[in-house]
1. Looking only at the range 130-141, count every residue that is surrounded by 14 or more Cβ atoms within 10 Å (Cβ to Cβ), assigned to a helix (DSSP H, G or I) and of a type in the set (A, V, I, L, M) and tell me the total.
2. Only residues in the range 142-160 that are in a helix (DSSP H, G or I) count as the first member; pair them with residues that are among the hydroxyl-bearing types (Ser, Thr, Tyr) and modelled with pLDDT of 95 or more, Cβ under 7 angstrom, at least 6 apart or cross-chain, and list the lot.
3. Name the one entry in Arg52, Arg57, Arg103 that is at pLDDT below 95, out of contact with any Cys (no Cβ under 6 Å at 6 or more places or on another chain) and of a type outside the set (Ser, Thr, Tyr).
4. Tell me, please, whether a residue that is at pLDDT 95 or above, in contact with a Leu (Cβ under 7 Å, 6 or more places away or on another chain) and within 20 Å of Pro100 (Cα to Cα) can be found in the range 5-12.
5. Quick one: in the range 125-167, which of the residues that are on the phi > 0 side of the Ramachandran plot and modelled with pLDDT under 95 is nearest to the chain's Cα centre (by Cα)?
6. Within the bounds of the range 109-124, is there any residue that is more than 18 Å from the chain's Cα centre (by Cα) and surrounded by 12 or more Cβ atoms within 10 Å (Cβ to Cβ)?
7. Cβ contacts < 7 Å: first residue outside any helix (DSSP H, G or I) and of a type in the set (S, T, N, Q), restricted to the range 6-26; second residue surrounded by fewer than 19 Cβ atoms within 10 Å (Cβ to Cβ) and modelled with pLDDT of 90 or more, any location; separation 6+ or different chain. Result?
8. Looking only at strands (runs of 3 or more DSSP E) that lie completely in the range 28-111, which have at least 2 residues being among the small types (Gly, Ala, Ser)?
Amino acid sequence: MSMPQMVTAPLSSDCPLLDQARVVFLLGPVSISVASHDAVGVPSLARAFGCRVAEDRREVVVLVPTRTAESLLRDLAAGAPVAVVFSRPKTHETLQLKAPEARLEPLGPTDRQRMRASGSALAAELIALGYSAAFSHALVAPSREDAVAVAFSPTLLFDQTPGPRAGWRLEPRP
């Protein structure tokens, strides 16, 4: 796949929505799904493997394999909004982050290692839950493929954990 045009406009956020506990969750053994839409509203979706969070917690970067994300990357490069869901299989704890735009970047120097480690951690958690090793490793196989970094500054955060608070908008914590 050819790389979509990079969006170089700076991203901004009024205040960080992510406290240290939320950052630890995003970096943990989680399944990551990234979604957007095209100009007429047709959705695009891809899995991501790995995440990094800026020291000031204003920017999140997810690592998306390019082979399985052509539509998503095209939509993001065109300036569409982004929604990213992080879900831990063991507990079903789920957070959704949204931003009005994202920026596509080449992988950083440690991102390939981060992708492999994230895929391995997710596979290990699935195996511990009783899923077969073959299934678990196949699910995270794209964590070893060519990828792009998708950077965004979350402006909205939602608790999507199943239960009575699912869908609740979360506010910044000090």
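1. Here the count works out to 1.
2. Ser143/Ser118
3. Result of the check over Arg52, Arg57, Arg103: Arg57.
4. There is no residue in the range 5-12 that is at pLDDT 95 or above, in contact with a Leu (Cβ under 7 Å, 6 or more places away or on another chain) and within 20 Å of Pro100 (Cα to Cα).
5. Gly167
6. Checked the range 109-124: at least one residue is more than 18 Å from the chain's Cα centre (by Cα) and surrounded by 12 or more Cβ atoms within 10 Å (Cβ to Cβ).
7. Ser13/Arg58; Ser13/Thr155
8. Hits in the range 28-111: 31-37, 43-48, 82-87.
The values are calculated or read from the model by the stated rules, or taken from the named source; none is laboratory data. Bear in mind that the values here come from a model prediction, so they are computed numbers and not experimental data. Here Cβ is always computed from backbone atoms with ideal geometry, including for glycine, and neighbour counts include all displayed protein chains.
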